[in-house]
Amino acid sequence: MAITTTAEYDQAARERARDVGAPTPRMASGAATLVHVHREVKMGETPKPTTTQLIWFDAATGSLMCRVAGQTRFPAYALDRNHGSALGVMIRDEDRVVFADREAFKATRRLVDRNAKQSGDGRFSRTLAVAASLPVSTRFPVLTDLLSARLWLPAGLDTNSFDAWAHALAFSGAPASEQMDRALAMVSDGWSNPRLVKAARSEFWSLRSAEYAGLSAACSAYGAVEQITDWWAATCAADEGLRERNVLDGTVSRVLPQSYCGGADREMVALVSSPFRLKVGRAARFLWNGDGADVTVAGLEVSGSDLAVTFELPTSRRGSSGARMHSALDAGTPMFVTSKPFDGVGAATPGGRKWAAKADEGWAGAMRDVPVDVALAGAK
């Protein structure tokens with residue numbers, strides 16, 4: 001039976017993984033590979049060592065557990081600002097905090113919110129609120145999210161359960177922290193998307209901005225979140241491992257050239273697959289073999305059951321993306337088109353004290369996940 005929806009595609013991919021008996025590759029790129037961005041080190045200053053904290057639910061005790069500095073294990077509910085290994089200190093010291101699954105992340109947020117109300121310091125609660133809005137995070141990664149982006153979990157298993165992933169990856173039987181170490185090694189290995197470091201830097205600044213309570217800091221933080229969200233959507237759209245899936249919902253469309261004659265052409269008429277989301281006058285991007293070039297949708301014409309699109313093409317100047325695109329068209333390379341992604345990821349958007357409240361200013365309640373336009377409109 002023909003697959004016509006992304007849900008059917010996902011189910012078929014997971015059934016193939018079940019037949020194989022192990023998770024199978026989902027994304028072709030390394031977009032779900034973890035990187036770490038350190039804070040700036042001033043001249044003469046010694047950088048602080050980076051450590052990784054692990055947080056998970058212990059099924060035996062029913063407690064949220066934390067491992068710090070590679071060895072110490074203790075209940076996470078004991079963490080507060082009076083402990084040297086407190087959650088707040090972890091966040092402030094810019095170390096990586098890794099969560100087994102979304103359940104552990106949400107439970108940690110509840111603990112941090114409670115401590116914030118008691119202490120009157122809401123910066124760590126605001127930081128995790130911003131992290132919760134990110135599609136992917138390198139600072140507060142959720143292992144089930146990263147594994148789900150990279151791999152197809154066999155059908156019948158819960159993608160939101162770290163225990164299910166550990167079973168599928170043959171990690172079961174080892175201590176929980178060791179299972180997380182092995183999963184963390186998997187999502188930290190592989191080719192890294194060239195823009196991944198820039199996205200991580202945007203995340204770094206968004207979380208730094210969230211430490212401050214002012215409106216300007218909130219705008220900076222959620223501005224960076226929007227940049228990262230756009231980057232992630234564009235990365236998934238361009239990923240060759242997701243190409244057939246993206247064609248099904250129109251995120252990407254196949255391009256079948258009809259009037260292309262060579263590199264001198266500045267326009268080309270092509271038939272495109274349906275659904276087709278782009279509108280006339282909008283910038284778009286041709287995709288092929290991991291490469292891309294920007295074009296413009298110049299016209300649309302329906303002919304029977306076919307949709308013909310006129311594209312304005314870039315020049316074939318030597319060494320340019322346009323030259324590579326024309327070479328690919330000359331060679332008959334399969335071509336696809338998607339909307340042109342926003343390329344603003346990586347801009348520094350720090351929230352400073354000049355326009356924002358101090359980082360340790362009084363607690364005003366947990367930040368809720370609301371769109372920035374609603375917040376600016378005065379949502380309380």
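A few remarks follow.
- Thr127 satisfies every condition listed in (1) part of a loop (DSSP other than H, G, I, E, B); (2) modelled with pLDDT of 85 or more; (3) surrounded by 21 or more Cβ atoms within 10 Å (Cβ to Cβ) except (1).
- Residue check for Ala7: modelled with pLDDT of 80 or more and assigned to a loop (DSSP other than H, G, I, E, B): no
- When Ala293 is tested against (1) within 22 Å of Met27 (Cα to Cα); (2) open to solvent by 40 Å² or more (accessible area, probe 1.4 Å); (3) at pLDDT below 95, exactly one condition is not met: (2).
- Filtered residues of region 300-330 (kept if open to solvent by less than 70 Å² (accessible area, probe 1.4 Å) and part of a strand (DSSP E or B)): Leu307, Ala308, Val309, Thr310, Phe311
- Here Thr159, Thr144, Thr138 are screened, and the one residue that is free of Cβ contacts under 8 Å to residues at least 24 places away in the same chain, under 30 Å from Asp239 (Cα atoms) and hydroxyl-bearing (Ser, Thr, Tyr) is Thr159.
- Residue in region 77-93 that is modelled with pLDDT under 55, under 30 Å from His167 (Cα atoms) and open to solvent by 80 Å² or more (accessible area, probe 1.4 Å) present: yes
- Subset tally (residues that are assigned to a helix (DSSP H, G or I) and either at pLDDT 90 or above or under 21 Å from the mean Cα position of the chain (by Cα) (or both)) for region 160-195: 17
- Just so you know, in region 130-142 the residues that are assigned to a loop (DSSP other than H, G, I, E, B) and of a type in the set (A, V, I, L, M) include one that is most open to solvent (accessible area, probe 1.4 Å), and it is Val136.
- Unique residue being in contact with a Leu (Cβ under 7 Å, 6 or more places away or on another chain) and not small (Gly, Ala, Ser) when the list is Leu329, Leu287, Leu300: Leu300
- Residue selected from region 156-167 under the condition of a type in the set (Gly, Ala, Ser) and open to solvent by 20 Å² or more (accessible area, probe 1.4 Å), by the criterion farthest from Tyr9 (Cα to Cα): Ser161
- The C-beta contact set for region 217-235 (first residue within 14 Å of Ala200 (Cα to Cα), second residue open to solvent by 10 Å² or more (accessible area, probe 1.4 Å) and in a helix (DSSP H, G or I), distance under 7 angstrom, 6+ apart or interchain) comprises Ala224/Trp205.
- Of the residues in region 264-285, not one is part of a loop (DSSP other than H, G, I, E, B), at pLDDT below 85, under 17 Å from the mean Cα position of the chain (by Cα) and not acidic (Asp, Glu).
- Checking each residue in region 23-70 for being of a type in the set (Asp, Glu) and modelled with pLDDT of 60 or more picks out only Asp58.
- So Leu242, is it closer than 30 Å to Leu151 by Cα, part of a helix (DSSP H, G or I) and open to solvent by less than 20 Å² (accessible area, probe 1.4 Å): yes
Every residue, every condition in (1) under 15 Å from Arg123 (Cβ atoms); (2) modelled with pLDDT of 90 or more, yes or no:
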| residue | (1), (2) |
| --- | --- |
| Val197 | no, no |
| Arg208 | yes, no |
| Ala213 | yes, no |
| Ile228 | no, no |
| Trp232 | no, no |
| Thr235 | no, no |
| Gly241 | no, yes |
| Gly250 | no, yes |
| Arg254 | no, yes |
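- Subset of region 143-155 that is in contact with an Asp or Glu (Cβ under 9 Å, 6 or more places away or on another chain) and assigned to a loop (DSSP other than H, G, I, E, B) - its residue that is surrounded by the fewest Cβ atoms within 10 Å (Cβ to Cβ): Ala155
- Answer residue from region 96-110, given it is within 22 Å of Tyr212 (Cβ to Cβ) and assigned to a helix (DSSP H, G or I) and is least open to solvent (accessible area, probe 1.4 Å) among those: Thr108
The values are calculated or read from the model by the stated rules, or taken from the named source; none is laboratory data. All figures in this text were calculated on a predicted structure; none of them were measured in a lab. Note that we place each Cβ from the backbone using ideal geometry, even for glycine, and neighbour counts take in every protein chain shown. Quick note on the areas: whole protein, heavy atoms, side chains included, nothing else; ligands and nucleic acids left out. Shrake-Rupley method; radii C 1.70, N 1.55, O 1.52, S 1.80 Å.
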